[in-house]
Amino acid sequence: MSGKGYQISLERDELHNYLGGYLPKGAIIYLEGPYSSGKSVLCQRFTYGLLKNLHTVTYISTELTVREFIEQMYSLDFPIASPLLSGSLLYIPVYPLIYKLKPRTDFFKKLLTAHHLYQRDVLVIDTFSSLVENSLKAKEGAFKYLSFLKRLAALGKTIILTVDNDELANPLLLDPFKSASTVYLTLTSREIGGSITKVIKINRYCTAENPIEDTVGFKVSPGVGIIIEITAVG
């Protein structure tokens, strides 16, 4: 275990080798991309790698129920039953609730007061833009929550925020989070040779002790997880 980061290594895909070996400890990771660009799959891969390296994770999702999340993880050969039962993984689905109720405008307040969400090493909010789109009426709210996240980071917690700008009427409201991030990644999808390849562009990756690639290509394979495509980007 690196003293500066949370290990995400898995022998099967070596993704960690392209991202400096680990996720920085005490960091805000801003993961941006349109729908179906691979944000959730990458977060799921990070989560499984963290758990396999004995770290703990809270995962908030606006897309999948608990059952769907478990099925998705197992379809990628990311077995997570034991971490869920032991409490090293806390999964919180939001999507099934927010469309049964009127739009919520107080998610920042809820996030600020839900202290149990921040007890683990890493917090994943997927998709952050969907969760707070009705709360971002002014930059003041964004700065208040950003300040809170910075305090968590100072305590060694790492926070992963996934963002789809198409979900926001004014994407500029999330610029403070992007500017303050330790790691800023952009995801896109490309059709190469008749198949879809996901591409990670590393815009910023601070505090890395090892070399970082500018771009990383990968494919998603059922029963395998992700497969690094070394020649897919140039």
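The values are calculated or read from the model by the stated rules, or taken from the named source; none is laboratory data. Predicted model, so just to flag it, every value in this text is computed and none were measured. Because the Cβ atoms are built from the backbone with ideal geometry, glycine has one as well, and the counts that use them run over all protein chains shown. In case anyone asks, the SASA skips ligands and DNA or RNA and just uses the protein heavy atoms, side chains included. Shrake-Rupley method; radii C 1.70, N 1.55, O 1.52, S 1.80 Å.
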(request) May I ask you to list the residues in region 186-234 that are out of contact with any Ser or Thr (no Cβ under 8 Å at 6 or more places or on another chain) and of a type in the set (S, T, N, Q)? (result) THR186, SER195, ASN210, THR215, SER221, THR231
(request) Would you confirm whether any residue within region 219-227 is modelled with pLDDT of 95 or more and either among the aromatic types (Phe, Trp, Tyr) or open to solvent by less than 30 Å² (accessible area, probe 1.4 Å) (or both)? (result) no
(request) Output the number of residues of region 168-224 satisfying the condition of being acidic (Asp, Glu) and more than 20 Å from the chain's Cα centre (by Cα). (result) 2
(message) So, in region 165-195, exactly how many residues are open to solvent by less than 50 Å² (accessible area, probe 1.4 Å) and in a loop (DSSP other than H, G, I, E, B)?
(response) 3
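A quick yes/no check of all residues on (1) surrounded by 20 or more Cβ atoms within 10 Å (Cβ to Cβ); (2) touching a Phe, Trp or Tyr at 6+ places or on another chain (Cβ under 7 Å); (3) at pLDDT below 90:
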site: TYR118; (1), (2), (3): no, no, no
site: ARG151; (1), (2), (3): no, no, no
site: THR207; (1), (2), (3): no, no, yes
site: VAL216; (1), (2), (3): yes, yes, no
(message) Checking LYS198 against (1) closer than 22 Å to THR158 by Cα; (2) among the charged types (D, E, K, R); (3) in a strand (DSSP E or B); (4) in contact (Cβ under 8 Å) with a residue 40 or more places away in the chain, only one condition comes out false. Which one?
(response) (1)
(request) Output the qualifying pairs, or none if there are none: Cβ atoms under 9 angstrom, residues six or more apart or on different chains, first residue in region 64-76 and loosely packed, with under 14 Cβ neighbours inside 10 Å and outside any loop (DSSP other than H, G, I, E, B), second residue of a type outside the set (A, V, I, L, M) and modelled with pLDDT of 95 or more. (result) VAL66/TYR91
(request) Can you work out which of the residues in region 1-42 that are among the β-branched types (Val, Ile, Thr) and not in a strand (DSSP E or B) is least open to solvent (accessible area, probe 1.4 Å)? (result) ILE8
(message) Can you list residue pairs whose Cβ atoms sit under 8 Å apart, with the first residue in region 201-229 being within 19 Å of ALA180 (Cα to Cα) and the second being in a strand (DSSP E or B) and at pLDDT below 90? Count only pairs 6 or more apart in sequence or on different chains.
(response) ILE202/ILE212; TYR205/ILE212
(request) Scan region 146-167 residue by residue and report those that are in contact (Cβ under 8 Å) with a residue 24 or more places away in the chain and over 17 Å from the mean Cα position of the chain (by Cα). (result) PHE148, ALA154, LEU155, ASP166
